[in-house]
Amino acid sequence: GSLAFLTGLFAGNGERRAAIFLSILFLLLNAWYITYSALRARQIKSIFDRIASLAGGEVGQSLNTSSLHGEVKKMAETVNLLDHSLEHAVQERTQSERMKTELIANVSHDLRTPLTSIINYVDLLKREKIDNPRVQEYLEVLESKALRMKTLAESLMEASRASSGNLKKIKKSTSNALQC
């Protein structure tokens, strides 16, 4: 069938055979170029899609570069390097936020523990019915400042929880205490 057709096409004089051969070669090259261009366009589109997803915050999804060549491969490898760098930065920031939250929680706890004792001892001293008005005034100041510090320590703890996502909403009293 088709072999006999091709043999018939090439039969005849040399110029006719050369023209037919060049025409077929041209058609094959055009078909190859169209196929290659479509493949390259799909590869470039996948790279642009990955860049868009990176811009949207999706990290940790490298492009497969094994079937890519030339500039398209270099572009994909560069996008993968960018993805890796962004993923690393996100991990570092997450770790830093976690450490900050733990530090704030520890400081708040370390402040509240002695403050509770101070508040309790001030209360015990106030119950002693000391007649000296200056001592009573000092105890009032001590109690006021200790309660203020306790409120600030609690506010610090709530702010820490809020920044870490453990608390959905900070109470108005907490934000007011932080502003003072």
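The values are calculated or read from the model by the stated rules, or taken from the named source; none is laboratory data. As the structure is a prediction and not an experimental result, all values here were calculated from the model. For neighbour counting, all protein chains shown are included, and Cβ atoms are generated from backbone atoms with ideal geometry for every residue, glycine included. Quick note on the areas: whole protein, heavy atoms, side chains included, nothing else; ligands and nucleic acids left out. Shrake-Rupley method; radii C 1.70, N 1.55, O 1.52, S 1.80 Å.
Couple of notes before you dig in:
- Neighbours by Cβ (under 7 Å, 6+ apart or cross-chain): first from the range 19-43, over 30 Å from V79 (Cα atoms); second open to solvent by less than 90 Å² (accessible area, probe 1.4 Å) and modelled with pLDDT under 90: I20/L9; I20/F10
- Filter result for L103 (at pLDDT 85 or above and of a type outside the set (S, T, N, Q)): yes
- Residue-level analysis places M75 among those that are under 29 Å from the mean Cα position of the chain (by Cα), in a helix (DSSP H, G or I) and either among the β-branched types (V, I, T) or surrounded by 14 or more Cβ atoms within 10 Å (Cβ to Cβ) (or both).
- Here the range 99-145 is the region considered, the condition is being among the hydroxyl-bearing types (S, T, Y) and under 34 Å from the mean Cα position of the chain (by Cα), and the residue that is farthest from A162 (Cα to Cα) is S108.
- Pairs with Cβ under 9 Å, 6+ apart, first in the range 60-77 and more than 14 Å from L39 (Cα to Cα) and touching a residue at least 24 places away in the same chain (Cβ under 8 Å), second among the basic types (K, R) and surrounded by 16 or more Cβ atoms within 10 Å (Cβ to Cβ): A76/R50
- Of all residues in the range 139-176, those satisfying the criterion of being aliphatic (A, V, I, L, M), touching a helix residue (DSSP H, G or I) at 6+ places or on another chain (Cβ under 8 Å) and either buried (at least 18 other Cβ atoms within 10 Å of the Cβ) or modelled with pLDDT of 60 or more (or both) are L139, L142, A146, L147, M149, L152, A153, L156, M157, A159.
- Residues of the range 30-66 satisfying the condition of being under 19 Å from H88 (Cα atoms), in a loop (DSSP other than H, G, I, E, B) and open to solvent by less than 50 Å² (accessible area, probe 1.4 Å): V59, G60, L63
- Filter result for I104 (farther than 30 Å from T151 by Cβ and assigned to a helix (DSSP H, G or I)): no
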